[in-house]
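Quick notes on the structure that follows.
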Amino acid sequence: MINNGQGSLMIFEPGKNAEALDVPSKPENPPMELGTAARQALIALMVYVGEASNPELRARYRVTITKQARDELSKADLIRIRKGPRNAIYHELTEEGWKRAEQELTSLPPAGVSAAWLLLYGTFRHLSRLRAGQNLRIADVYAAADVEVTLEDRVRQAYRAVADAPGDLVGLAVLRDRLTDVARAELDEVLLAMDRRREIQLDPDPNRLALTARAKDAAIEVGGEDMHLISISRP
């Protein structure tokens, strides 16, 4: 029995007044059982929307998909996996994965988890009711949610797309080719700011005699010296 705030008591009956108290009732058709790490991975990929590697998930959510979780989701045909440069693993939800992720919105949180998980699943239940009221699939909700991508984010994404591994040197000419829609002055300003914060490392090419006109033109001046190369060690 629970005080309803009006001086009287109400009897709590699971499945009847659970929604009013924001307590999930037991679903009629329980979703496929998954471990906590696999459920976390499923949620991360749902929120990320597209294909994602572990460095990308760590950078945005501080989440890593473990081998056990990856194998569990792959065996259930909930994610697609491919290998990129240097054997980097990329993950993406399948159609079945999106359906299973949608079931998380009305599921009980895993047992023994932190308060952050309980808050997340409380938010999920409100989102589920809103989504159902507007007749939207969960894929529509998250695909429509624009994640603000800064120019710094785009620099990191461009670097990851061409570097074989974190810390590898990449020519600024190559980087600029992937950001042709950005004004030179704007990109230079961001690169210099990131270099000052040590988020990136700008270096001169030691083999100056071999520099092409394109490489020279793409250089950026730091302390009176032209820098032709960029590296990013952190994901």
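The values are calculated or read from the model by the stated rules, or taken from the named source; none is laboratory data. As the structure is a prediction and not an experimental result, all values here were calculated from the model. For neighbour counting, all protein chains shown are included, and Cβ atoms are generated from backbone atoms with ideal geometry for every residue, glycine included.
Within the stretch 54-95, being acidic (Asp, Glu) and either surrounded by 14 or more Cβ atoms within 10 Å (Cβ to Cβ) or assigned by TED's automatic domain parsing to the domain that holds Val162 (or both) holds for Glu56, Glu72, Glu92. For the stretch 104-117, does any single residue satisfy the condition of being exposed (fewer than 11 other Cβ atoms within 10 Å of the Cβ), at pLDDT 80 or above and closer than 30 Å to Ile230 by Cβ? No, the conditions are met nowhere in the stretch 104-117.
Taken together, Ala173, Ala165, Ala132 contain a single residue that is of a type in the set (A, V, I, L, M, F, W, C), assigned to a helix (DSSP H, G or I) and farther than 30 Å from Lys99 by Cβ, which is Ala173. Within the stretch 207-219, residues that are in contact (Cβ under 8 Å) with a residue 40 or more places away in the chain and within 16 Å of Leu175 (Cα to Cα) sit with their Cβ atoms under 6 Å from residues that are part of a helix (DSSP H, G or I) and among the small types (Gly, Ala, Ser), at 6+ positions apart or across chains, in these pairs: Arg214/Ala173; Ala215/Ala173; Ala218/Ala173.
Taking residues in the stretch 58-70 that are closer than 25 Å to Asp153 by Cβ, and partners anywhere that are assigned to a loop (DSSP other than H, G, I, E, B), the pairs with Cβ atoms closer than 9 Å and at least 6 places apart or on different chains are Arg58/Thr64; Arg58/Pro235; Ala59/Arg234; Ala59/Pro235; Arg60/Val147. Among the residues of the stretch 194-235, those identified as among the aliphatic types (A, V, I, L, M) and either under 27 Å from the mean Cα position of the chain (by Cα) or at positive phi (or both) are Met194, Ile200, Leu202, Ile230, Ile232. If we scan the stretch 101-111, do we find a residue that is farther than 14 Å from Ala38 by Cα, without any contact (Cβ under 8 Å) to a residue 60 or more places away in the chain and hydroxyl-bearing (Ser, Thr, Tyr)? Looking through the stretch 101-111, none of the residues is farther than 14 Å from Ala38 by Cα, without any contact (Cβ under 8 Å) to a residue 60 or more places away in the chain and hydroxyl-bearing (Ser, Thr, Tyr). When the stretch 98-146 is examined, which residues are found to be among the basic types (Lys, Arg) and either under 17 Å from Leu42 (Cα atoms) or outside the structural domain of Met46 (by TED's automatic domain parsing) (or both)? Within the stretch 98-146, Lys99, Arg100, Arg125, Arg137 qualify.
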